[in-house]
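Remarks on the structure that follows.
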Amino acid sequence: MLDTYLQILVSGLAMGAIYTLTAKGLFIAHLATHKLNFGQGDFLMVGAFLSMSLIIAGIPVLLAALLVLIALGLLGWGLERLVIRPLDRFGISGGSTYSWILTTAGVALILQNIAELVWGKSSHYSPPLFSEGRDNVIEIAGINMFVEEILVIGFAAVVVAFFYYMLFRTRWGRAVYTVAFNPEAAMLLGINVRRTVVLVFVLASLLAGISGILVGPLITIHPHIGLMFTIKALAVAAIGGFSNPLGILIGGVLFGVAEAFSNYYDSAFGDLYPLIFVLVFLVFRPSGLFSEAQADVR
Amino acid sequence: MSSTPLLQVDAIDASIGVINILHGVSLSVSSGELVTVIGANGAGKTTLLRVISNLLKPSVGLVQFDGAPTTAVEAHRLARRGLIHVPQGRQIVPTLSVLDNLIIGAERSEIVDSETLVENLEREYSRFPVLRERKDLAAGSLSGGEQQMLAVSRALMMRPKLLMLDEPSLGLAPQIVKTILNALRQLADEGLAVLLVEQVAMAALSVADNAHVLRNGEIALSGTASELRRDKALVESYLG
Ligand SMILES: Nc1ncnc2c1ncn2[C@@H]1O[C@H](COP(=O)(O)OP(=O)(O)OP(=O)(O)O)[C@@H](O)[C@H]1O
Ligand SMILES: [Mg+2]
């Protein structure tokens with residue numbers, strides 16, 4: 001019995017890691033521009049499909065991942081350039097318009113339709129990334145665990161650490177926080193606001209791409225999985241109040257684990273309970289886990 | 001004093017939307033000179049600084065900085081060339097530490113090697129010792145006066161040729177205003193060009209070399225600071 005629980009826990013951690021990465025993308029774009037990409041989950045879907053096709057075509061996993069990231073980076077750049085920036089002069093929220101909801105959701109629909117054209121409507125299985133088979137297990141402390149899940153968790157942890165490093169220890173991270181605070185003041189400090197914002201969207205898109213690559217072997221993929229990931233990532237980002245990276249990390253992990261257990265006990269509606277829980281949580285703490293540590297000062 | 005001024009503003013008109021805010025404003029600032037522009041609420045002081053740093057394009061007229069028109073230069077590039085604008089309300093980044101705020105300033109001005117960075121930090125810490133004590137705190141937790149000191153120091157980390165300040169005295173106790181204005185005077189004496197926008201006329205005039213009074217978007221009165229100080233009543237009639 002304990003074995004089963006631990007296995008569920010690991011599965012939950014793996015999915016939680018994916019939600020965290022996806023939510024980080026939403027968070028960073030929201031931080032810098034006060035906008036959200038409602039296609040974040042669909043970017044993940046594209047990443048998952050591309051990586052699946054490349055690996056099936058016999059391209060080595062690392063090279064395939066690199067190609068996927070290049071594609072997703074371009075997608076993020078295009079999103080900022082064609083969908084976000086034209087809505088206002090600098091790609092910065094004017095505060096008065098919500099057209100980005102329509103345009104980013106529009107991009108999501110376009111991506112879904114393209115994916116249907118290319119990969120069809122049915123579900124696909126992505127080959128494993130790290131081991132010979134999807135179901136390869138490794139024995140840790142006497143318990144069998146899926147190799148893929150363990151490595152997804154490890155890899156996601158590295159990416160999250162890198163993300164923290166970028167945000168809190170680099171010139172670019174300081175620029176992001178300055179732009180987030182006040183784009184015009186950022187310009188007066190010599191910061192190239194437009195380039196900072198472009199990089200934010202590229203990074204957000206890369207996070208979706210990495211999530212897509214990692215999640216492929218854990219689930220079945222089809223052109224419409226994106227919306228579910230967007231919604232869950234939004235829920236996770238909301239737990240962190242959209243402003244606290246640590247809250248998002250905790251929220252993502254908790255969400256994944258809660259979902260794994262609720263799916264174990266109710267396979268029909270298991271996905272629903274964690275979302276309901278987040279809704280109730282937000283009623284009591286509308287600004288997230290660490291509301292006093294608000295980074296969004298507007 | 002050098003022959004051509006570092007900053008030359010020639011007959012500027014500027015509008016926000018359809019409203020014309022500035023009318024034919026001209027002024028110049030040379031290296032080593034502290035020029036103040038004083039004016040009441042809504043006179044157009046902030047608009048003038050925004051035009052100079054190219055956040056707002058003038059509809060008529062020309063701004064020249066360091067011998068070249070600024071027309072086609074983006075605001076962040078002007079900043080990197082040493083035209084530094086400390087905006088109204090200081091705009092220090094509250095979520096970053098005091099040190100990070102200072103580093104932001106240094107980063108865009110090619111102060112890259114850590115030795116120069118430390119030298120520059122030390123210089124600012126000795127100018128405003130309170131910044132050293134608070135360097136690891138979130139900048140948002142500083143008092144208004146400390147934030148203004150941070151804003152000035154952050155600007156100085158950017159290697160300014162011209163330093164423009166928009167109402168640094170706003171909301172501060174007279175003693176702190178004095179500290180900051182004295183620091184500006186000293187910077188001018190060391191060769192920096194300073195353009196100080198203020199509402200508190202007498203405080204600004206006490207440190208300035210030359211002064212302009214802005215009223216309804218027009219320069220109503222210009223002169224040396226000592227001339228204007230002597231004519232306190234006249235100056236105040238324009239500010240009323
Ligand atoms: N965004 C805007 N839209 C419309 N009018 C504006 C805008 N910003 C400023 N104004 C108007 O332009 C005029 C000049 O404003 P400005 O901010 O330059 O004045 P100021 O001298 O800096 O005033 P203060 O001392 O209050 O800072 C004011 O009449 C103001 O109402
Ligand atoms: Mg003003």
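Reported count of residues in the range B:32-48, each being more than 8 Å from ligand 2 (Cβ to nearest atom), within 23 Å of B:Arg185 (Cβ to Cβ) and either out of contact with any helix residue (DSSP H, G or I) (no Cβ under 9 Å at 6 or more places or on another chain) or not hydroxyl-bearing (Ser, Thr, Tyr) (or both), is 8.
Here B:Ser26 fits the description: among the hydroxyl-bearing types (Ser, Thr, Tyr), closer than 21 Å to B:Pro87 by Cα, surrounded by fewer than 17 Cβ atoms within 10 Å (Cβ to Cβ) and away from ligand 2 (no atom under 14 Å from the Cβ). Working carefully through the options A:Ala268, A:Ala233, A:Ala238, find the one that is assigned to a loop (DSSP other than H, G, I, E, B), hydrophobic (A, V, I, L, M, F, W, C) and modelled with pLDDT of 75 or more. Among A:Ala268, A:Ala233, A:Ala238, only A:Ala268 is assigned to a loop (DSSP other than H, G, I, E, B), hydrophobic (A, V, I, L, M, F, W, C) and modelled with pLDDT of 75 or more. For B:Ser114, the requirement of being in contact (Cβ under 8 Å) with a residue 40 or more places away in the chain and more than 8 Å from chain A (Cβ to nearest Cβ) is not met. Quick check on the range A:191-211. Is at least one of its residues among the β-branched types (Val, Ile, Thr), farther than 21 Å from A:Val46 by Cα and not in a helix (DSSP H, G or I)? Looking for residues that are among the β-branched types (Val, Ile, Thr), farther than 21 Å from A:Val46 by Cα and not in a helix (DSSP H, G or I), one finds at least one in the range A:191-211, hence yes.
For the range A:103-152, the tally of residues that are under 30 Å from A:Gly78 (Cα atoms) and not aliphatic (A, V, I, L, M) stands at 16. Counting the residues of the range B:108-144 that are crowded, with 20+ Cβ neighbours inside 10 Å and in a helix (DSSP H, G or I) gives 5.
Per the listing B:Val177, B:Val86, B:Val152, the residue uniquely touching a helix residue (DSSP H, G or I) at 6+ places or on another chain (Cβ under 8 Å) and within 13 Å of another protein chain (Cβ to nearest Cβ) is B:Val86.
Among the residues making up the range B:89-107, those that are at the interface with chain A (Cβ under 9 Å from one of its Cβ atoms) and not in a loop (DSSP other than H, G, I, E, B) are B:Asp100, B:Asn101, B:Ile103, B:Ile104, B:Gly105, B:Glu107.
Does the range B:42-58 include one or more residues that are of a type in the set (Gly, Ala, Ser), in a loop (DSSP other than H, G, I, E, B), away from chain A (no Cβ under 14 Å) and more than 16 Å from ligand 1 (Cβ to nearest atom)? No - not one qualifying residue is present in the range B:42-58.
Taken together, B:Ser28, B:Ser15, B:Ser109 contain a single residue that is within 12 Å of ligand 1 (Cβ to nearest atom), of a type in the set (Ser, Thr, Tyr) and without any contact (Cβ under 8 Å) to a residue 60 or more places away in the chain, which is B:Ser15. Of the residues making up the range B:201-226, those that are over 16 Å from B:Leu27 (Cβ atoms) and buried (at least 18 other Cβ atoms within 10 Å of the Cβ) are B:Ala201, B:Ala203, B:Val207. Part of a helix (DSSP H, G or I) and within 16 Å of ligand 2 (Cβ to nearest atom), is that true of B:Gln175? When the stated conditions are applied, B:Gln175 does not pass them. Quick check on the range B:225-238. Is at least one of its residues touching a Ser or Thr at 6+ places or on another chain (Cβ under 6 Å) and within 14 Å of B:Val37 (Cα to Cα)? No, the range B:225-238 contains no residue that is touching a Ser or Thr at 6+ places or on another chain (Cβ under 6 Å) and within 14 Å of B:Val37 (Cα to Cα). Of all the residues in the range B:65-107, those that are under 24 Å from B:Lys45 (Cα atoms), crowded, with 19+ Cβ neighbours inside 10 Å and among the acidic types (Asp, Glu) number 0. For B:Pro160, the stated conditions do not hold, so it cannot be described as closer than 24 Å to A:Met187 by Cβ, away from chain A (no Cβ under 14 Å) and assigned to a loop (DSSP other than H, G, I, E, B).
The values are calculated or read from the model by the stated rules, or taken from the named source; none is laboratory data. The model shown is predicted, which means the values in this text are computed figures rather than measured ones. All Cβ positions, even for glycine, are placed from backbone atoms using ideal geometry, and neighbour counts span all protein chains on display.
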